[in-house]
Amino acid sequence: MKKLPKLPRMAAVHDLSCLGKCSLTVALPIVSATGVECCCIPTALLSTHTGGFTDWTFTDLSGDIVPIAEHWHSLGVGFDAIYSGYLASEAQGKLLERAIELLRGENTLVIVDPAMADNGRYYANLGETMTECFRGLIKKADIITPNMTEACFLTGMEYRPGVHDEAYVTELIDRLSELGPSLVAITGVSTENGRVGIVARDNRSGKMCSVMNKTLDGMFHGSGDVFASAFAALLTRGATLDDALDTAEEFVTAAIERTAARATPRRNGLDFEGALPDYIDTCRKLFE
């Protein structure tokens, strides 16, 4: 076999929900399937995710975040990307900032998914203090992937369910960009009845792009994590914004359609496993 190039390496900082596919349980396989080595820093251990389940168990892993990063730093391990999602508390924001300082190199991409809210409200056990927490983290980020609710909370703009006009979405992106990221991608944008997707802008070039798909009834838990994991990994591999957006959204759409067709409980998460073979094939063609 001919010599292969070094795998890009990503540090994924998320909670580990043992049932209900989201956070690390989707980030690890999807990032790996993209052709990126995924190294994990768990922020918390939960029996299930907090959306759609009750009486879940919770173990705070705040005490391990910085020591893990310090150990990796002492080993001289380099990272091409750091990708963060759900944090269990505002205090973990400062711990993650320290971990980023330890692990970030000159060319390391920092991707922050400010996973704290959806449908106009915060996730269970989280509140307004998380907004300031993520504002601080975003100042250290190159790329952010908030949903519409998170974008509104971060900017102080009114959250509007339903169809979103171009001026409203552009103002959200403008205000998020003032926090410092070079690329903003907002998920859950609806530009017309019956369609939903992502709108992104590269602030370095001013390039805007979007992808929309037909909506399906109900909520699909974990879809934001599936998108953000694929999008972050594709950009880490060096994909263009257009290719990363199209490929990640195509993957999420396939997983959502399979989930609807399989009629499994929505809280269990997306049937992304069945969509992985086509996703891997698309990645192979992009990067071969």
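With N residues in the range 1-137, what two-decimal value do you get for its Cα radius of gyration over 2.2 N^0.38 Å? Don't skip to the end; give the middle numbers.
Values: Rg = 15.4 Å, N = 137, 2.2 N^0.38 = 14.3 Å.
Normalised Rg, Cα atoms only: 1.08.
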Going through the cross-link list Lys3/Lys139; Lys21/Lys214; Lys139/Lys207; Lys140/Lys207; Lys3/Lys207; Lys21/Lys285, which pairs have a Cα-Cα distance over 29 Å in this structure?
Lys3/Lys139; Lys3/Lys207
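Let's see if you can work this out: charge +1 on each Lys and Arg Cβ, -1 on each Asp and Glu Cβ, no other charges. What is the dipole magnitude of the range 151-288 about its Cα centre, in debye to the nearest 20?
Dipole magnitude for the range 151-288 comes out near 240 debye.
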Here the relative contact order (percent) of the range 47-182, from C-alpha pairs under 8 Å and at least 6 apart, is 22 percent
Base-10 log of normalised Debye intensity for the range 37-77 (one unit scatterer per alpha-carbon) at q = 0.29, 0.32 Å⁻¹:
-0.98, -1.06
Starting from a Cα-only point model with no solvent, please compute log10 I(q)/I(0) by Debye for the range 216-257 at q = 0.17, 0.18, 0.19 1/Å.
-0.43, -0.47, -0.52
q = 0.07, 0.10, 0.16 Å⁻¹: log10 I(q)/I(0) that the Debye formula gives for the chain, counting C-alpha atoms only:
-0.23, -0.48, -1.37
Within the range 216-238, find all residues whose amide N lies under 20 Å from a label point positioned 7 Å from the Cα of Phe58 along Cα-to-beta-carbon.
221-222, 225
Using a 7 Å offset from Cα along Cα-Cβ at Glu97, what residues in the range 115-145 end up with backbone N under 20 Å from the label point?
115-116, 127-145
Point-to-point label distance, Glu178-Val163, nm (Cα→Cβ direction, 7 Å offset)
2.9 nm
Give me the percent of DSSP beta bridges within the chain that run antiparallel, rounded to the nearest 5.
50 percent
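Determine the calculated [θ] at 222 nm for the chain from helices alone, applying -39500 (n - 2.57) to every DSSP H run no shorter than 4 residues and normalising by the residue count; nearest 500 deg cm²/dmol.
Details: 9 runs with 115 residues, N = 288.
After summing the helix terms and dividing by the residues of the chain, the value is -12500 deg cm²/dmol.
Using only the Cα atoms of the range 150-288, build the gyration tensor, take square roots of its eigenvalues as a ≥ b ≥ c, and label the shape rounded, prolate or oblate: rounded if a/c is under 1.5, else prolate if a/b is larger than b/c, else oblate. Write out the running numbers ahead of the final one.
Working: a/c = 2.08, a/b = 1.21, b/c = 1.73.
Oblate is the answer for the range 150-288, as a/c is 1.5 or above yet b/c matches or exceeds a/b.
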Going by the alpha-carbon gyration tensor, a ≥ b ≥ c the square roots of its eigenvalues, is the range 125-180 rounded (a/c under 1.5) or, if a/c is not under 1.5, prolate (a/b greater than b/c) versus oblate?
oblate
Using 7 Å Cα-to-Cβ label points, what is the Val77/Lys139 separation (nm, one decimal)?
2.8 nm
Going by the alpha-carbon gyration tensor, a ≥ b ≥ c the square roots of its eigenvalues, is the range 190-265 rounded (a/c under 1.5) or, if a/c is not under 1.5, prolate (a/b greater than b/c) versus oblate?
oblate
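For Thr129 and Ala260 in one chain, what is 0.36 nm times their gap in residues minus the Cα-Cα distance, to one decimal in nm? Mind dumping the intermediate values first?
Details: separation 131, 0.36 × 131 = 47.16 nm, distance 3.50 nm.
Contour length minus Cα-Cα distance gives 43.7 nm.
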Using a 7 Å offset from the Cα along the Cα-to-Cβ direction at both Leu19 and Cys209, what is the distance between the two label points in nm, to one decimal?
4.0 nm
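Every number here is computed from the coordinates shown, using simple stated rules; none is lab data. Since we're looking at a predicted model, the values are computed, not measured. Note that each Cβ is placed from the backbone with ideal geometry, even for glycine, and that neighbours are counted across all protein chains shown.
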